[in-house]
Amino acid sequence: MNFTRNLTQDLTHKLGVMIIKGEYPVNQRMPSEAVLCEQFSVSRSATREAVKMLAAKGLISSRPKQGITVLPESQWNLFDTDVLSWILQSKPSLSLLKEFTQVRYAIEPVAAQLAARHVTSEQLSILNDNLQRIADAHHGLDDVLEAHIDFLNTILLASGNRFFIQLTQFVKAALKVSIRYTNQVKGVNYNDISFHTKLYSAIAQGEDVLAYQLVEEILLDDLRIIEANI
């Protein structure tokens, strides 16, 4: 079972990347399941499951007698972490980063504000650990991006908003590209913890307006950078 599942996941990944790269044109038929079996040397059951997974992600439609058809990007589930990862691996355009940053701008300042109101002592301890991890990364003791992402996701969790909490995996998938790009353009040291220290302090002290403003300011700055380079 595990072997079959791994084959399915591997084929899903390969086909997903090929679709996003345009190797299978939009609104055109892809090879049949039987042909895909031969091309990728996988079983019919693994191929069938991969096709179902891609259809669930909005990349293709698969119907009897009509075959497998690639759907336009407007149909893709961009909140699916696999789809987002494949897009970012294949063509992380600045326009996409802009749109993602706009989503962050619409959510993260409010999440920080809510976290300042509702954070628990346990969450605050985790947030402090995340802050220390960012500092440790300066000495090569932790992964910088993972520490940054975990810091943000802890804030989303601390907001108490169930919809924000559902976005943690989505945010993790996209931030790896977004943070890397904006920090390079800014000339920011990945290990600079001044912003995170201020934000942690605001949340810990319940300063919800300040928490909102800190996050809003840095995301507006990121948007300006991206827009200036499009």
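The values are calculated or read from the model by the stated rules, or taken from the named source; none is laboratory data. Fair warning: this is a prediction, and the values are worked out from it, not measured in the lab. Positions of Cβ are backbone-derived with ideal geometry, glycine not excepted, and every protein chain shown enters the neighbour counts. We work out accessible area using only protein heavy atoms, side chains counted, and drop any ligands, DNA or RNA first. Shrake-Rupley method; radii C 1.70, N 1.55, O 1.52, S 1.80 Å.
Hey, what did the chain get for relative contact order, percent, Cα under 8 Å, at least 6 apart? Averaging sequence separation for qualifying contacts and normalising by length gives 22 percent for the chain. Residue order by solvent-accessible surface for Lys57, Lys198 is Lys198, Lys57, largest first, with ligands and nucleic acids left out and a 1.4 Å probe.
Rolling a 1.4 Å probe across all protein chains gives Met53 an accessible area of roughly 70 Å². Placing +1 on the Cβ of every Lys and Arg and -1 on the Cβ of every Asp and Glu, with no other charges, gives the chain a dipole of roughly 1080 debye about its Cα centre. Of Ser85, Val209, Pro25, which is farthest along the charge dipole of the chain in the positive direction, counting Lys and Arg as +1 and Asp and Glu as -1 at C-beta? The listed residue farthest towards the positive side: Pro25. The charge dipole of segment 1-82, taken about its Cα centre with unit charges on the Cβ of Lys, Arg, Asp and Glu (plus for the first two, minus for the last two), comes to roughly 260 debye. Think of it as helices only: each DSSP H run of n ≥ 4 in the chain is worth -39500 (n - 2.57), and spread over all residues that comes to -23000 deg cm²/dmol at 222 nm. Post the alpha-carbon centroid distance, segment 105-126 to segment 10-81, in whole angstrom. When both Cα centres are located, 39 Å separates them. At an R0 of 22 angstrom, the distance between the Cβ atoms of Lys198 and Glu122 translates into a FRET efficiency of 0.50. For the residue pairs Lys21/Lys198; Lys65/Lys172; Lys21/Lys172; Lys21/Lys52, alpha carbon separations beyond 31 Å are given by Lys21/Lys198; Lys65/Lys172. Rolling a 1.4 Å probe over the protein heavy atoms of segment 1-97, with every protein chain left in place, gives an accessible area that is 51 percent carbon and sulfur. Only protein heavy atoms count here; on that basis, with a 1.4 Å probe, Glu216 has an accessible area of about 50 Å².
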